[in-house]
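Asker: Right, I'll just put the structure down here and ask away after.
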């Protein structure tokens, strides 16, 4: 039986990225460590972006904070008032359709897009190296539904790991079984995009073993769904193509994961 229940996320609490250390002088004043040109945004482009998503900002403080992750080298730059590279704008969609339309606009104008969730990575992968748009996926958060017969859950990519697991346990007596060290800092979409492993991988498997299917927005705005086909007619495994692709092939907008009864 499928149960519908949404996770309520407090955007001022654990539902937002956790900054590693303060930037000297603040995010608004932070300069880019990377030298070279970065793609900016004109007023015409900004109007196009805002026509698809209610929250698109050029606020320099927001951009400064969003243009970094937990990369140790970037923390040393923060002490000097720098980030790796500044985005031109930050967009925070709340639906898959908004993600798709944003990507279509960026594709139309030739804008680079960097997708990011909790920004808990330690290798600088969410740094917007070429400027353009930083796509903050934390606005797509919550459990869409749970099938407690097939033991699967449909979850949105911006859901933080601790909130996801707490909701599964308290409301459904289930567990995902994925416990990375960054549990409270990372999102479900980040787990999948980075092909993560957890402390219970020997029992439940790694994230690629849990993913049953995905909804993914492509660069031109199309949305594709993977998984859910009979084993005898699978063909190429498109789900695993996107798992670990780190946003280079598309942006995950929903994931269907295998879950287990709580121990």
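Asker: Residue 79 versus residue 47, label points 7 Å from Cα toward the beta carbon: distance in nm?
Answerer: 4.7 nm
Asker: Follow-up. For 145, 136, what's the fewest-to-most ordering of other Cβ within 10 Å of each Cβ?
Answerer: 145, 136
Asker: For region 31-138, what does the relative contact order come out to in percent, with C-alpha contacts under 8 Å and a separation of six or more?
Answerer: Details: 203 pairs, mean separation 40.2, N = 108.
Result for region 31-138 is 37 percent.
Asker: Using DSSP, restrict attention to beta bridges with both residues in the chain and report what percent are antiparallel, rounded to the nearest 5. Walk me through the intermediate numbers first.
Answerer: On the way: 27 of 37 bridges.
Expressed as a percentage, antiparallel bridges in the chain total about 75.
Asker: Continuing with the same structure: When only Cα pairs under 8 Å and 6 or more residues apart are kept, what is the percent relative contact order across the chain?
Answerer: 20 percent
Asker: Using only Cα atoms, find the angle between the long axis of helix 96-109 and the longest principal axis of the chain, and express it within 0 to 90 degrees, rounded to the nearest 10.
Answerer: It is inclined by approximately 40 degrees.
Asker: Follow-up. Please arrange 262, 141, 245 by how many other C-beta atoms lie within 10 Å of their C-beta, fewest to most.
Answerer: Arranged by neighbour count, lowest to highest, 262, 141, 245 become 262, 245, 141.
Asker: What is region 157-263's relative contact order, in percent, from Cα pairs under 8 angstrom and six or more apart in sequence?
Answerer: Over region 157-263, the number comes to 33 percent.
Asker: Sticking with this one: Please report the equivalent ellipsoid semi-axes of region 104-252, computed as sqrt(5 x eigenvalue) of the Cα gyration tensor, largest first, in whole Å. Kindly include the intermediate steps, with their values, before the conclusion.
Answerer: Details: eigenvalues 128, 74, 40 Å².
So the three semi-axes of region 104-252 are 25, 19, 14 Å.
Asker: For the chain, what is the mean residue ellipticity at 222 nm derived from helices alone (per DSSP H run of n ≥ 4: -39500 (n - 2.57); sum divided by total residues; nearest 500 deg cm²/dmol)?
Answerer: -6500 deg cm²/dmol
Asker: Work the Kirkwood hydrodynamic radius out for the chain: mean of 1/r over every pair of different alpha-carbon atoms, inverted, in Å.
Answerer: After inverting the pairwise mean of 1/r, the radius is 18.7 Å.
Rule-based calculations on the coordinates, nothing more; no lab input. None of these values were measured; they are calculated from a predicted model. Here Cβ is always computed from backbone atoms with ideal geometry, including for glycine, and neighbour counts include all displayed protein chains.
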